[in-house]
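Coordinate-derived values only; no laboratory data. Treat the numbers as computed from the prediction; the structure is a model and nothing was measured. So basically every Cβ, Gly included, is an ideal-geometry build from the backbone, and we count neighbours across all protein chains shown.
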Amino acid sequence: MVLESTTYPGTTDTVLRPILETSGLTAGVDFALAFSPERIDPGNQTFTFANTPKVVGGLTTACRDRAAEFYGRMVEQVVLTRGLREAEMAKLLENTYRHVNIALVNEMARFCADLDIDLWDVIDAASTKPFGFQAFYPGPGVGGHCIPIDPNYLSHFVLTETGYSFRFVELAQEINDSMPAYVATRGCRTNSIVTVRQPMELRFCF
């Protein structure tokens, strides 16, 4: 049994496992229990299910290895983690990374507009650095069904379990949540329109 849905660390063991064990079977003994987050980028012709590395963590080493063997028949590379929570956290790190960096460039879009700086030109220039930089683009929010929600799972979990406030996520959420209203009320400059620069990427008027 493998859970692939993005969720907070501990879900597979503390939520899914008890449900499955109501059958009378024991996880790690009668069946293998693992977590392997989905990594699908719809429409991406370069990175597909088969050539995107599959992260796998198990309740036990045997569970992990069983799941890895299963996925190994379908994907080119399987990446093993120490346990379930490491695999669950890996997916949240991926999504939180995007969430925070989108918030960074969204906030830059606001003050660059006030300073009469072309942020798109800035991003293009910074993107020529062959290391240590990845381009993110401003827009009316963060898009998709994962990024606006998943980091909040982690923020809530961290606060509940440790009492620690995950300030990066909370600030990123605040900034990204404000973008739809900002884009709607700002308006576009004369002769400025929304243009398509690359597939799946819109250049908004900032």
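Quick one: if the Förster radius is 35 Å, what FRET efficiency do Asn152 and Asp30 give, using the C-beta to C-beta distance and rounding to 0.05?
Working: r = 35 Å, r/R0 = 1.00.
Result of the calculation: an efficiency of 0.50.
Work out the length of the dipole vector of the stretch 2-82 about its Cα centre, built from +1 on the beta-carbon of each Lys and Arg and -1 on the beta-carbon of each Asp and Glu, and round it to the nearest 20 debye.
Values: 7 positive and 9 negative charges, 25 e Å.
Value, rounded to 20: 120 debye.
When the Cα atoms of the chain are enclosed in a convex hull and the volume is divided per residue, what value in Å³ results? The partial results should precede the final answer.
Numbers: hull volume 31.5 nm³, N = 206.
About 153 Å³ per residue, rounded to a whole number.
Give me the one-decimal nm value for the distance between modelled label points at Asp121 and Phe49, 7 Å along each residue's Cα-to-Cβ direction.
4.5 nm
How large is the charge dipole for the stretch 35-184, taken about the Cα centre, if only the Cβ atoms of Lys, Arg (+1) and Asp, Glu (-1) carry charge, to the nearest 20 debye?
On the way: 12 positive and 19 negative charges, 146 e Å.
For the stretch 35-184, the charge dipole is close to 700 debye.
Which ³J(HN,Hα) values, rounded to whole Hz and listed in residue order, are derived for the stretch 15-30 from phi using the Karplus coefficients 6.51, -1.76 and 1.60 in 6.51 cos²θ - 1.76 cosθ + 1.60 with θ = phi - 60°, glycine and proline given as x?
10, 6, 4, x, 5, 5, 7, 5, 6, x, 8, 10, 5, x, 10, 8
Loop-only check: which trypsin sites (Lys or Arg not before Pro) in the stretch 23-90 are DSSP coil with at most 16 other Cβ within 10 angstrom? Don't skip to the answer; put the middle values down first.
Values: sites: Arg39, Lys54, Arg64, Arg66, Arg73, Arg82, Arg85; in loops: Arg39, Arg73, Arg82.
Taking the stretch 23-90 and a limit of 16 other Cβ atoms within 10 Å, the loop trypsin sites (Lys or Arg not before Pro) found are Arg39, Arg73, Arg82.
Report the Stokes-Einstein translational diffusion coefficient (µm² s⁻¹, integer) for the stretch 87-203, Rh taken as the Kirkwood radius over Cα pairs, at 25 °C with viscosity 0.890 mPa s. Present the calculation step by step, with values, prior to reporting the outcome.
Details: Rh = 15.7 Å.
Rounded, D is 157 µm²/s.
Which of Leu3, Gln77, Ala34 sits closest to the plus end of the dipole of the stretch 2-82, meaning its Cα is farthest towards the positive end, when Lys and Arg get +1 and Asp and Glu get -1 on the C-beta?
Gln77
If R₀ is 30 angstrom, what is the calculated FRET efficiency for the pair Phe168 and Ala62, using the beta carbon separation as r and rounding to 0.05? Numbers along the way, then the final one.
On the way: r = 36 Å, r/R0 = 1.22.
Taking R0 as 30 Å, the efficiency between Phe168 and Ala62 is 0.25.
Whole-Hz Karplus ³J(HN,Hα) for the stretch 32-39, in order, using 6.51 cos²θ - 1.76 cosθ + 1.60 and θ = phi - 60°, x for Gly and Pro?
Taking θ as phi minus 60°, the curve returns 8, 10, 8, 10, 9, x, 5, 9 Hz for the stretch 32-39.
For Glu161 and Asp177, calculate 0.36 nm times their separation in residues minus their Cα-Cα distance, and state this gained length in nm to one decimal. Present the calculation step by step, with values, prior to reporting the outcome.
Details: separation 16, 0.36 × 16 = 5.76 nm, distance 2.54 nm.
Taking 0.36 nm per residue and subtracting the Cα distance, the gain is 3.2 nm.
Hey, can you grab everything whose amide H is under 5 Å from the amide H of Lys54? Only 5+ residues off in sequence or another chain; H modelled, so Pro and N-termini drop out.
Distant-sequence amide H within range of Lys54: Gln77, Val78, Val79.
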